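Visitor: Before I ask anything, here is the structure I am working with.
The values are calculated or read from the model by the stated rules, or taken from the named source; none is laboratory data. Quantities reported herein were computed from a predicted structural model and do not represent experimental measurements. A quick note on method: Cβ atoms are made from the backbone with ideal geometry, for glycine too, and the neighbour counts reach across all protein chains shown. Areas reflect the complete protein model, heavy atoms only, side chains present, ligands, DNA and RNA absent. Shrake-Rupley method; radii C 1.70, N 1.55, O 1.52, S 1.80 Å.
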Amino acid sequence: MYPDLLKGVRVVDFTTHVAAPACTRIMADWGADVIKVEGTGGEAYRVFGASLGTPIDDDKNPLFQLENANKRDIGLNLKTPEGMEAMLKLIGTADVFITNVRMKSLEKLGLDYETLSAKFPKLVWGHVSGYGLYGEEAARPGFDIVAFWARGGMMCDMPPKGNPPLSVPSGVGDHTTALALLGGVCAALLKARQTGRGEKICTSLYNTAIYASGLMVTSSQYGDHYPKSRYEPSTPLMNSYCSKDGEWFTLALLNYEVMFPKLCKVLELDDGLASDPRYCNVTAVKQNGNNEALCRILEEGFAKFDSAYLGEEMTKHDLTFERCRHFHEISKDPQAHANFYFNEFEYADGSTVQLPATPVHFSTNEALPCGPAPKLGEHNVEVLGELGYTPEQVAAMEKSGAAVSR
């Protein structure tokens, strides 16, 4: 059952790839009528999955499905007068227009905020860019690997000192940016309903990266420099250690003085270690090389025990930790399924895939339904019919190239 939080809200989705479509996917999950507008040939993300080894067929395209479920789709050629006329009619019925097309192209098409808001004052206009709308680099293309990870500091500064940049996963910066855009759009919708005036909402992959890394971006201005050796953590209790059977555990023991004695018990370390003046509090452990020394002591302690024992004992002592999981494990994680963090999506051929659900739950705490992502131009007749076009007119548009043939 879909929630009705955004019931009655129509969203025109003129987006590609991940960050902007992920935002509108969540809006669709929340009850909005999201209409994806694609151009001739469809958007490039329909075939991106091949680079990651996933299917890219019309009936089986899990990555496209992940970002575009629950939407309707029309195909228009905006370079034709008829195609643009249909686009403007559609926008005229919408509450929200969201895009990640670069500004120069939007201005050329007349789909920039200034032009559209003059015609449709109530319209909420949302935009995602790589690097922002101002400055010398505003026009640069940017995907999350470059604009979020590389420009945002994480790719270079997160690996241990002396190592090459991270081989980063795709889409993490995109999904983070999608949530930022979603918050802004929903706030603007509230304003529009209260005042009758729309709003311009902009974010970028780079902007979101700076915010996401805000602690490090701020602390680095006070001498907390990166990259660091793994023997130079904030404290040894905020670090990762390897068990006897090769599994890594990450600790997040912020209350150092309280948690250090508990950890010593779990690792069966020397009785006097917890009270050793070199290690018993944060101030002491960060002086005179004590940080590295304790890291190595804890490293040896973890290496004595199998991961099963460590997980059980740290849980028993209420320590904040996690075994570092692999991506392939997560779709099978009982904790994720207990909280409805996945949709089991069934394809037309009967095969299934576990697709991550959008990350907000409401009163039922169930994963929201995951309908099929639309095919290119699948809803041409339906959506254009809502704008007053007859099936014959739609067919004529498809034949002339003003609309994409289904």
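Visitor: Looking at region 368-406, which of its residues are open to solvent by 20 Å² or more (accessible area, probe 1.4 Å), outside any loop (DSSP other than H, G, I, E, B) and within 16 Å of residue 37 (Cα to Cα)?
Guide: Of everything in region 368-406, those that are open to solvent by 20 Å² or more (accessible area, probe 1.4 Å), outside any loop (DSSP other than H, G, I, E, B) and within 16 Å of residue 37 (Cα to Cα) turn out to be 381, 382, 385, 386, 398.
Visitor: At pLDDT 95 or above and either in contact with a Lys or Arg (Cβ under 6 Å, 6 or more places away or on another chain) or open to solvent by 10 Å² or more (accessible area, probe 1.4 Å) (or both), is that true of residue 63? Please lay out each step first, then the result.
Guide: Numbers: at pLDDT 95 or above: yes; either in contact with a Lys or Arg (Cβ under 6 Å, 6 or more places away or on another chain) or open to solvent by 10 Å² or more (accessible area, probe 1.4 Å) (or both): yes.
It is true that residue 63 is at pLDDT 95 or above and either in contact with a Lys or Arg (Cβ under 6 Å, 6 or more places away or on another chain) or open to solvent by 10 Å² or more (accessible area, probe 1.4 Å) (or both).
Visitor: If you take the residues in region 80-120 that are surrounded by fewer than 16 Cβ atoms within 10 Å (Cβ to Cβ) and of a type in the set (Asp, Glu), which one is farthest from the chain's Cα centre (by Cα)?
Guide: Checking each candidate, the answer is 85.
Visitor: Residues in region 23-37: is at least one assigned to a loop (DSSP other than H, G, I, E, B) and surrounded by fewer than 21 Cβ atoms within 10 Å (Cβ to Cβ)?
Guide: We begin by selecting, within region 23-37, every residue assigned to a loop (DSSP other than H, G, I, E, B); these are 30-32.
Within this subset, residues satisfying the condition of being surrounded by fewer than 21 Cβ atoms within 10 Å (Cβ to Cβ) are 31.
The answer is yes, given that some residue of region 23-37 is assigned to a loop (DSSP other than H, G, I, E, B) and surrounded by fewer than 21 Cβ atoms within 10 Å (Cβ to Cβ).
Visitor: Determine the pairs where a residue that is within 12 Å of residue 212 (Cα to Cα), located within region 172-184, has a partner that is at pLDDT 95 or above and open to solvent by 50 Å² or more (accessible area, probe 1.4 Å) with Cβ atoms under 7 Å apart, the partner being 6 or more residues away or on another chain.
Guide: Hits for this filter: 176/212.
Visitor: Kindly establish whether residue 306 is of a type outside the set (Ser, Thr, Tyr) and more than 39 Å from the chain's Cα centre (by Cα).
Guide: Working: of a type outside the set (Ser, Thr, Tyr): yes; more than 39 Å from the chain's Cα centre (by Cα): no.
No.
Visitor: From the list 139, 86, 147, 118, which residue is part of a loop (DSSP other than H, G, I, E, B) and either acidic (Asp, Glu) or at negative phi (or both)?
Guide: Working: 86 fails: part of a loop (DSSP other than H, G, I, E, B); 147 fails: part of a loop (DSSP other than H, G, I, E, B); 118 fails: part of a loop (DSSP other than H, G, I, E, B).
Criteria check complete, one pass: 139.
Visitor: Does residue 49 satisfy the criteria of being within 24 Å of the chain's Cα centre (by Cα), free of Cβ contacts under 8 Å to residues at least 24 places away in the same chain and on the phi > 0 side of the Ramachandran plot? Full working, then the answer.
Guide: Working: within 24 Å of the chain's Cα centre (by Cα): yes; free of Cβ contacts under 8 Å to residues at least 24 places away in the same chain: yes; on the phi > 0 side of the Ramachandran plot: no.
For residue 49, the condition - within 24 Å of the chain's Cα centre (by Cα), free of Cβ contacts under 8 Å to residues at least 24 places away in the same chain and on the phi > 0 side of the Ramachandran plot - is not met.
Visitor: List the residue pairs whose Cβ atoms are under 7 Å apart, where the first residue sits in region 198-212 and is without any contact (Cβ under 8 Å) to a residue 60 or more places away in the chain, the second is surrounded by 24 or more Cβ atoms within 10 Å (Cβ to Cβ), and the two are 6 or more positions apart or on different chains.
Guide: Filtered contacts from region 198-212: 210/152.
Visitor: Right, next: Might you let me know whether region 207-223 holds any residue that is closer than 16 Å to residue 20 by Cα and of a type outside the set (Val, Ile, Thr)? If you could, list the steps in order and put the result at the bottom.
Guide: Going through region 207-223, the residues closer than 16 Å to residue 20 by Cα turn out to be 207-209.
Add one more test, that the residue is of a type outside the set (Val, Ile, Thr), and what stays is 207, 209.
Yes, because at least one residue in region 207-223 is closer than 16 Å to residue 20 by Cα and of a type outside the set (Val, Ile, Thr).
Visitor: Related question: Run down 218, 208, 235 and say which single residue is of a type outside the set (Lys, Arg) and in contact with a Ser or Thr (Cβ under 8 Å, 6 or more places away or on another chain).
Guide: Details: 218 fails: in contact with a Ser or Thr (Cβ under 8 Å, 6 or more places away or on another chain); 235 fails: in contact with a Ser or Thr (Cβ under 8 Å, 6 or more places away or on another chain).
So the residue among 218, 208, 235 that is of a type outside the set (Lys, Arg) and in contact with a Ser or Thr (Cβ under 8 Å, 6 or more places away or on another chain) is 208.
Visitor: Confirm whether residue 294 is open to solvent by less than 20 Å² (accessible area, probe 1.4 Å), assigned to a helix (DSSP H, G or I) and more than 15 Å from residue 232 (Cα to Cα). Walk me through how you get there before you give the answer.
Guide: Values: open to solvent by less than 20 Å² (accessible area, probe 1.4 Å): yes; assigned to a helix (DSSP H, G or I): yes; more than 15 Å from residue 232 (Cα to Cα): no.
Answer is no for this residue.
Visitor: Kindly evaluate residue 358 against the criterion of being of a type in the set (Val, Ile, Thr), within 23 Å of the chain's Cα centre (by Cα) and modelled with pLDDT under 95. Before the answer, list the steps.
Guide: On the way: of a type in the set (Val, Ile, Thr): yes; within 23 Å of the chain's Cα centre (by Cα): yes; modelled with pLDDT under 95: yes.
Against the criterion (of a type in the set (Val, Ile, Thr), within 23 Å of the chain's Cα centre (by Cα) and modelled with pLDDT under 95), residue 358 qualifies.
Visitor: Go through region 121-145 and give me each residue that's open to solvent by less than 20 Å² (accessible area, probe 1.4 Å) and of a type in the set (A, V, I, L, M, F, W, C). Quick ask: steps written out before the conclusion?
Guide: Filtering region 121-145 down to residues open to solvent by less than 20 Å² (accessible area, probe 1.4 Å) leaves 123-130, 132, 144.
Result: 123, 124, 125, 128.
Visitor: Report whether or not residue 352 is β-branched (Val, Ile, Thr) and either open to solvent by 70 Å² or more (accessible area, probe 1.4 Å) or closer than 30 Å to residue 251 by Cβ (or both).
Guide: Values: β-branched (Val, Ile, Thr): yes; either open to solvent by 70 Å² or more (accessible area, probe 1.4 Å) or closer than 30 Å to residue 251 by Cβ (or both): yes.
Answer is yes for this residue.
Visitor: Right, something else. Can you name every one of the strands (runs of 3 or more DSSP E) wholly within region 310-358 that holds 1 or more residues which are among the aromatic types (Phe, Trp, Tyr)?
Guide: Values: elements: 321-323, 342-346, 352-356.
Those strands (runs of 3 or more DSSP E) span 321-323, 342-346.
Visitor: Right, here's the next one. Six or more apart or on different chains, Cβ atoms under 9 Å: show the pairs whose first residue is in region 255-270 and touching a residue at least 40 places away in the same chain (Cβ under 8 Å) and whose second is among the small types (Gly, Ala, Ser) and buried (at least 18 other Cβ atoms within 10 Å of the Cβ).
Guide: 263/301; 266/301
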